[in-house]
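Below is one structure; the comments refer to it alone.
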Amino acid sequence: MTKQDALFEITKDHLETGLRGYPVGHCPTSYVDAQKGLFYAGIAIDELIGWVPQEVIYLLYQGKKGSKEEVEVFHANLKKRAGCSDELKKSICSLPRQGHPMKLFCAALLLCGMVEGKGDYREDCLNLIAKIPEVAAIVINHHAGWGGTNPSLPDLGYIPNFVHMLNAPDIDRKTLMPVFQLFNILHYDHGGGNLSTFIGKAVASGLEDMYGSMASAMCALAGPRHGKANQDCLEFVKEVASTLGEGATEEEMEDLLRHRLANKQLVYGFGHAVLRVEDPRATVQYDYAKHHFPNHPLVRIALLLRNAGTKVLKENPKVTNPYPNVDAISGTLLTAAGFPHPEYYTVLFGTSRVVGIAIQTVYERCEARGGKGTPIVRPKYFYRPREEISS
Ligand code: MLT
């Protein structure tokens with residue numbers, strides 16, 4: 001079949017579906033199986049729990065598990081590249097603080113490219129991965145008005161250094177660190193076709209540099225159907241908690257959800273474009289929350305929601321995936337661990353996802369098609385007058 005023939009196979013039902021399921025390329029870092037969930041370089045995500053960030057980043061970057069020595073050399077390289085210049089720090093801190101912090105995060109990425117960009121996808125990939133914890137810490141501290149950012153100490157470790165740089169009030173760094181590290185690792189990558197990754201690579205296909213492409217990717221992540229879902233889910237868990245109270249029963253939860261659905265209100269944290277099972281990234285976090293914060297009132301509500309949500313959504317045969325996704329629990333876990341600042345949860349997601357997007361961008365720009373790189377993204381749209389389309 002020629003490319004032209006293939007176009008004739010496409011019917012109206014295939015259009016305006018968000019490209020759902022259309023194969024468009026190769027992804028050398030990770031994939032998402034509808035039944036088994038996320039795999040990084042062939043390893044199931046739940047097998048990576050307990051790995052440190054540099055091991056997982058090496059796995060994604062090289063496509064294979066590194067030996068102890070290989071990971072050490074890689075980590076030393078990242079540490080050398082970490083650290084933002086004074087000019088960059090000053091520029092980020094002169095940005096306005098209005099609006100959602102993701103706006104600031106996207107702007108900070110553009111500034112990072114202006115001040116520190118090398119115009120080389122490979123170099124910029126590693127530099128960006130190395131610097132992003134500090135960029136994010138500066139953005140959050142500045143936006144929140146938490147004062148200056150503690151000086152970066154890369155020797156502490158990738159996420160321990162991030163936690164050290166954050167100036168959030170009343171923060172218990174010991175409790176928070178493993179939760180941030182878990183969150184960070186779980187969100188590095190999610191196949192090639194999630195919106196932010198797809199957009200970042202599409203922008204890079206026009207040969208925009210790594211930082212501009214990443215800023216676009218992060219604008220894509222900022223929307224409530226994508227990265228901001230973690231913030232919205234926590235707000236939902238809190239709303240449900242305040243409606244039902246701490247002693248809520250399963251029945252009360254089910255009734256509340258049925259009532260919401262009957263009133264066309266959203267039930268947040270369920271469903272996924274690809275997955276048809278509970279998101280393993282959610283399972284890992286539910287387990288962590290149950291083990292470490294079993295008595296936290298929001299953890300209790302999130303666990304009730306996990307069961308009741310699936311049960312109630314299953315009552316509607318049109319719902320293809322009635323199971324919780326990663327966002328259903330991540331905000332609750334961060335809150336229980338002592339970071340009750342939902343407006344920054346999408347920035348944390350972005351700080352992590354930068355890793356996968358940067359590595360995938362290097363593949364598409366420098367390695368795909370025998371090193372030629374993928375061509376500029378340019379899909380076809382059919383012209384139809386409006387009256388015809390809507391009929
Ligand atoms: C993600 O991690 O990017 C989300 O689960 C969305 C997706 O995979 O489409």
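Structure data summary
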| item | result |
| --- | --- |
| Condition check for Tyr383: on the phi < 0 side of the Ramachandran plot, surrounded by fewer than 22 Cβ atoms within 10 Å (Cβ to Cβ) and out of contact with any Phe, Trp or Tyr (no Cβ under 6 Å at 6 or more places or on another chain) | yes |
| Number of the condition not met by Ile376 [criteria: (1) more than 19 Å from Ala220 (Cα to Cα); (2) away from the ligand (no atom under 16 Å from the Cβ); (3) touching a residue at least 60 places away in the same chain (Cβ under 8 Å)] | (1) |
| Which numbered condition Glu251 fails, given (1) closer than 24 Å to Val163 by Cβ; (2) more than 16 Å from the ligand (Cβ to nearest atom) | (1) |
| Sole residue being more than 21 Å from Lys201 (Cβ to Cβ), among the charged types (D, E, K, R) and at pLDDT 95 or above, chosen from Lys68, Lys12 | Lys68 |
| Hey, Pro324 under 30 Å from Thr29 (Cα atoms) and in contact with a strand residue (DSSP E or B) (Cβ under 8 Å, 6 or more places away or on another chain) or not | yes |
| Subset of segment 49-103 (residues that are surrounded by fewer than 20 Cβ atoms within 10 Å (Cβ to Cβ), under 19 Å from the mean Cα position of the chain (by Cα) and of a type in the set (A, V, I, L, M, F, W, C)) | Ile49, Trp51, Val52 |
| Residue count, segment 310-335 (criterion: crowded, with 24+ Cβ neighbours inside 10 Å and either within 15 Å of the ligand (Cβ to nearest atom) or without any contact (Cβ under 8 Å) to a residue 60 or more places away in the chain (or both)) | 7 |
| Any hit, segment 271-280, residues being more than 16 Å from the ligand (Cβ to nearest atom), at pLDDT 95 or above and out of contact with any helix residue (DSSP H, G or I) (no Cβ under 8 Å at 6 or more places or on another chain) | no |
| From Gly227, Gly193, Gly212, Gly223, residue being modelled with pLDDT of 95 or more, within 15 Å of the ligand (Cβ to nearest atom), farther than 27 Å from Thr335 by Cβ and not β-branched (Val, Ile, Thr) | Gly193 |
| Among the candidates Val163, Val135, residue that is buried (at least 22 other Cβ atoms within 10 Å of the Cβ), in contact with a helix residue (DSSP H, G or I) (Cβ under 6 Å, 6 or more places away or on another chain) and closer than 22 Å to Ser94 by Cα | Val135 |
| One residue from Phe162, Phe180 being over 25 Å from Phe39 (Cα atoms) and away from the ligand (no atom under 16 Å from the Cβ) | Phe162 |
| Meets criteria (within 19 Å of Gly356 (Cα to Cα) and in contact with a Leu (Cβ under 7 Å, 6 or more places away or on another chain)) for Ile129 | yes |
| Gly157 being surrounded by 15 or more Cβ atoms within 10 Å (Cβ to Cβ) and touching an Asp or Glu at 6+ places or on another chain (Cβ under 8 Å) | no |
| Hits in segment 81-104 (condition: farther than 18 Å from Met214 by Cβ and in contact (Cβ under 8 Å) with a residue 40 or more places away in the chain) | Gly83, Lys89, Cys93, Arg97 |
| In segment 166-195, residue surrounded by the fewest Cβ atoms within 10 Å (Cβ to Cβ) [restricted to those that are of a type in the set (Gly, Ala, Ser) and within 26 Å of His75 (Cα to Cα)] | Gly191 |
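Residues are listed down the side, and each one gets a yes or a no for (1) under 24 Å from the mean Cα position of the chain (by Cα); (2) under 28 Å from Asn316 (Cβ atoms); (3) surrounded by fewer than 21 Cβ atoms within 10 Å (Cβ to Cβ):
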| position | (1), (2), (3) |
| --- | --- |
| Met214 | yes, no, no |
| Met218 | yes, no, no |
| His226 | yes, yes, yes |
| Thr243 | no, yes, yes |
| Thr249 | no, yes, yes |
| Glu254 | no, yes, yes |
| Tyr268 | yes, yes, no |
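The values are calculated or read from the model by the stated rules, or taken from the named source; none is laboratory data. As the structure is a computational prediction, the values presented were derived from the model and not from experiment. So basically every Cβ, Gly included, is an ideal-geometry build from the backbone, and we count neighbours across all protein chains shown.
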